[in-house]
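Heads up: the structure comes next, in structure tokens.
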Amino acid sequence: MSQTASPASRAGSLFDLSGKVAVITGASRGIGRAIAERMAEHGARVVVSSRKLDACETVVAGIRERGGEAMAMACHIGRKEDLAAMVERTTQTWGGIDILVCNAAVNPYYGPSTEMSDEAYDRVMNSNVRSNFWLCNMVAPQMARRGDGAIIIISSIGGYQGSDRLGVYALSKAADMQLARNLAVEWGGGNVRANCIAPGLIKTDFARQLWETPWLLERTVKHTPLKRIGEPDEIAGAAVMLAGPAGRFMTGQTIVIDGGRLAGFSRAEE
Ligand SMILES: NC(=O)c1ccc[n+]([C@@H]2O[C@H](COP(=O)([O-])OP(=O)(O)OC[C@H]3O[C@@H](n4cnc5c(N)ncnc54)[C@H](OP(=O)(O)O)[C@@H]3O)[C@@H](O)[C@H]2O)c1
């Protein structure tokens with residue numbers, strides 16, 4: 001991570017998040033952690049949340065060491081009462097939530113749809129869609145009352161493609177894009193923006209099985225114009241942009257960050 005920018009160098013920047021409060025789910029590692037660290041670096045006070053408080057505390061300690069402001073909160077996104085408590089505590093401590101990043105998600109199943117259990121289906125749809133729906137509905141009204149807010153949902157390029165192995169995960173990620181559009185329409189009058197980021201394959205624990213399986217990694221790299229998979233920090237910049245002044249006229253959209261995977265691949269290498 002680069003050094004924390006001084007307030008003077010941030011002032012007037014399109015990416016200045018000074019004075020803003022950001023809540024990020026699933027921020028103890030991976031993409032959520034990178035977003036939390038980068039938002040703090042750009043001046044936001046960040047709530048680092050996941051199921052494991054100690055893992056969040058470690059991220060918070062790192063942010064504070066670099067001069068940022070952060071607090072850790074345990075929050076299981078599948079529990080409505082956890083989400084409500086996080087919103088309540090953040091609002092009481094820091095006065096409100098200006099930026100909400102719905103990042104945590106699950107994928108307990110890889111295989112054909114015909115063999116997916118109802119339990120696995122419910123877990124995917126409930127964690128990846130319903131939890132985001134709950135949390136956004138808890139936060140959007142206070143943003144609209146203040147006349148400003150940015151909601152960012154971490155979707156996936158899976159939400160743009162049919163899949164014979166990750167079908168319901170892809171369904172949930174397409175639903176997240178629709179959720180952002182609905183929120184954009186429902187809360188735009190209160191100056192609340194809602195957008196998604198759709199990453200391609202990123203080197204995190206979540207996708208470990210994909211990038212640790214040599215033939216899968218090789219196939220992905222071959223079909224990716226930039227010839228590599230991504231790093232968590234390569235998603236964070238877009239989140240900072242969407243949260244700050246640079247993103248203030250953007251809503252209801254999805255930014256794809258995938259090394260060009262959806263753009264196509266070279267047939268010359270086939
Ligand atoms: N990595 C990729 O290739 C990729 C590609 C496209 C999209 N995405 C999306 O990017 C987002 C982040 O994934 P990642 O790759 O950064 O994953 P990751 O490195 O495995 O991190 C997942 C984070 O979510 C937390 N988490 C998991 N279940 C949770 C729950 N029920 N409640 C609260 N927190 C929970 C984890 O912490 P605890 O274990 O402490 O709870 C951790 O902080 C997800 O929405 C994923 O679908 C990832």
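FYI, it's all coordinate maths here, none of it is from the lab. Remember, it's a predicted structure, so these values are computed and weren't measured experimentally. Cβ sites come from the backbone with ideal geometry, for glycine too, and all protein chains shown count toward neighbours.
Compute the relative contact order of the chain as a whole-number percentage, counting only Cα pairs closer than 8 Å that sit 6 or more residues apart in sequence.
18
Report the full-extension gain for the segment residue 181 to residue 216: residue separation times 0.36 nm, less the Cα-Cα distance, to one decimal in nm. Don't skip to the end; give the middle numbers.
Values: separation 35, 0.36 × 35 = 12.60 nm, distance 3.25 nm.
Full-extension gain reported as 9.4 nm.
Nearest 20 debye, what's the magnitude of the dipole of the chain about its Cα centre given +1 on Lys and Arg Cβ and -1 on Asp and Glu Cβ?
On the way: 30 positive and 28 negative charges, 81 e Å.
So the magnitude is around 380 debye.
Lys and Arg at +1, Asp and Glu at -1: add these up for the other residues within a Cβ distance under 12 Å of residue 35 and post the number.
Combined, the nearby Lys, Arg, Asp and Glu give -1.
Charges at C-beta only: +1 for Lys and Arg, -1 for Asp and Glu. How large is the resulting dipole of region 43-188 about its Cα centre, in Debye rounded to 20?
Around 280 debye, computed over region 43-188.
So how far apart, in nm, are the two label points at residue 226 and residue 249 if each is 7 Å from Cα heading toward Cβ?
Distance between the two pseudo-spin positions: 2.6 nm.
In degrees, nearest 10, range 0 to 90: what is the angle between the Cα axis of helix 167-187 and the longest Cα principal axis of the chain?
Once rounded, the angle reads 30 degrees.
Using the Karplus curve 6.51 cos²θ - 1.76 cosθ + 1.60 with θ = phi - 60°, work out ³J(HN,Hα) for each residue of region 215-225 in order, rounded to whole Hz, and write x for Gly and Pro.
After applying 6.51 cos²θ - 1.76 cosθ + 1.60, I find 5, 5, 4, 4, 5, 4, 4, 4, 8, 10, x Hz.
Is there a pair in 20/173; 20/227; 80/227; 52/227; 20/222 whose C-alpha atoms are over 32 Å apart, and which pairs would that be?
Result: 20/227; 80/227; 52/227; 20/222 exceed 32 Å.
Based only on Cα atoms, what Rg/Rh ratio does the chain have, Rh being taken as Kirkwood's radius?
Numbers: Rg = 18.1 Å, Rh = 18.8 Å.
So for the chain, dividing Rg by the Kirkwood Rh gives 0.96.
Which chymotrypsin sites (Phe, Trp or Tyr not before Pro) does region 41-111 hold that lie in a coil by DSSP with at most 14 other beta carbons within 10 Å?
Listed in order of number, the matching sites are 110.
From the phi of every residue in region 190-203, what ³J(HN,Hα) in whole Hz does the Karplus formula 6.51 cos²θ - 1.76 cosθ + 1.60 yield, where θ is phi - 60° and glycine or proline is x?
x, 6, 9, 9, 9, 9, 10, 10, 10, x, x, 5, 10, 6
Distance from the Cα centre of region 148-186 to that of region 23-64, in angstrom?
If we compute the Cα centre of each part, the gap is 22 Å.
May I ask you to derive the FRET efficiency for residue 164 and residue 126 from their Cβ-Cβ distance with R0 = 30 Å, giving the value to the nearest 0.05? Walk me through the intermediate numbers first.
On the way: r = 23 Å, r/R0 = 0.76.
Efficiency, from the Cβ-Cβ distance: 0.85.
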